1. For PHE45, are the conditions met, namely being modelled with pLDDT of 95 or more, of a type outside the set (Gly, Ala, Ser) and farther than 28 Å from GLY118 by Cβ?
2. Hey, could you check region 62-83 for residues that are in a loop (DSSP other than H, G, I, E, B) and in contact (Cβ under 8 Å) with a residue 40 or more places away in the chain and say which is farthest from ASP127 (Cα to Cα)?
3. Could you list, in sequence order, the residues of region 28-39 that are surrounded by 14 or more Cβ atoms within 10 Å (Cβ to Cβ), of a type in the set (A, V, I, L, M, F, W, C) and in a helix (DSSP H, G or I)?
4. GLU133: part of a helix (DSSP H, G or I), within 12 Å of the chain's Cα centre (by Cα) and modelled with pLDDT of 90 or more, yes or no?
5. Looking at PRO139, PRO144, PRO90, which one is at pLDDT 80 or above and not in a helix (DSSP H, G or I)?
6. Of the residues that make up region 40-55, is at least one polar (S, T, N, Q), part of a helix (DSSP H, G or I) and either crowded, with 19+ Cβ neighbours inside 10 Å or touching a residue at least 40 places away in the same chain (Cβ under 8 Å) (or both)?
7. Among the residues of region 7-27, count how many are part of a loop (DSSP other than H, G, I, E, B) and either surrounded by 14 or more Cβ atoms within 10 Å (Cβ to Cβ) or under 10 Å from the mean Cα position of the chain (by Cα) (or both).
8. For the structure I just gave you, tell me whether VAL17 is under 15 Å from VAL83 (Cβ atoms), β-branched (Val, Ile, Thr) and touching a strand residue (DSSP E or B) at 6+ places or on another chain (Cβ under 8 Å).
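The values are calculated or read from the model by the stated rules, or taken from the named source; none is laboratory data. Computed from a predicted model, the values in this text were never measured in an experiment. Glycine gets a Cβ as well: all are built from the backbone with ideal geometry, and neighbour counts include every protein chain shown.
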Amino acid sequence: MAIMQVSRKIDYALRAVIHLATEEASDRACSVAEIAERERVPRQFLEKIVQELIHKGLVRSHRGRHGGYVLARPADQMTFRHVIEAVEGPISLNACTGEHADCSLLGACGMERVWREGQRRVLELFDKTTIAEVRHPRPLDLRPGGAMNTGAGGTSKR
């Protein structure tokens with residue numbers, strides 16, 4: 001079965017940025033080795049991706065003993081589109097929908113309308129979805145007074 005899918009590079013870049021967003025509240029820098037291990041991403045490939053994210057202004061490096069990488073801006077101000085285009089360039093669902101449409105049948109193809117609508121919807125979704133919305137939930141602390149209070153009323157703290 002053939003499927004449309006994002007590249008591994010996009011997938012790994014999103015996983016890395018989401019990982020950093022999870023650590024955003026603690027302002028803790030993460031090493032590439034830590035991200036690679038926790039997100040199950042090849043370290044050498046991730047190092048190259050992180051450098052691209054730094055170059056595009058999405059990630060910053062911190063030097064020193066507790067050095068590593070952090071988001072360059074808040075996760076609620078960074079979208080899927082920002083990350084995808086940082087590592088792969090402009091998003092194009094098909095050759096006829098990109099910034100520089102390249103198709104000999106442009107304007108004469110019945111599929112063009114469908115591809116353009118698909119492009120519009122994909123970009124809308126990627127523009128609206130922030131990294132903060134998909135960051136990993138923190139593990140619950142089930143100790144008394146921790147993140148989850150199981151006493152009367154069953155309230156939880158976040």
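1. Against the criterion (modelled with pLDDT of 95 or more, of a type outside the set (Gly, Ala, Ser) and farther than 28 Å from GLY118 by Cβ), PHE45 qualifies.
2. Of the residues in region 62-83, the ones in a loop (DSSP other than H, G, I, E, B) are 63-67, 72-74, 78.
Then drop every residue that is not in contact (Cβ under 8 Å) with a residue 40 or more places away in the chain, which leaves 74, 78.
Details: PRO74: 15, MET78: 9 Å.
Ranking the candidates gives PRO74 first.
3. Within region 28-39, VAL32, ILE35, ALA36 meet the criteria.
4. Yes; evaluated as a whole, the condition is true for this residue.
5. Criteria check complete, one pass: PRO90.
6. Looking through region 40-55, none of the residues is polar (S, T, N, Q), part of a helix (DSSP H, G or I) and either crowded, with 19+ Cβ neighbours inside 10 Å or touching a residue at least 40 places away in the same chain (Cβ under 8 Å) (or both).
7. Here the count works out to 1.
8. yes
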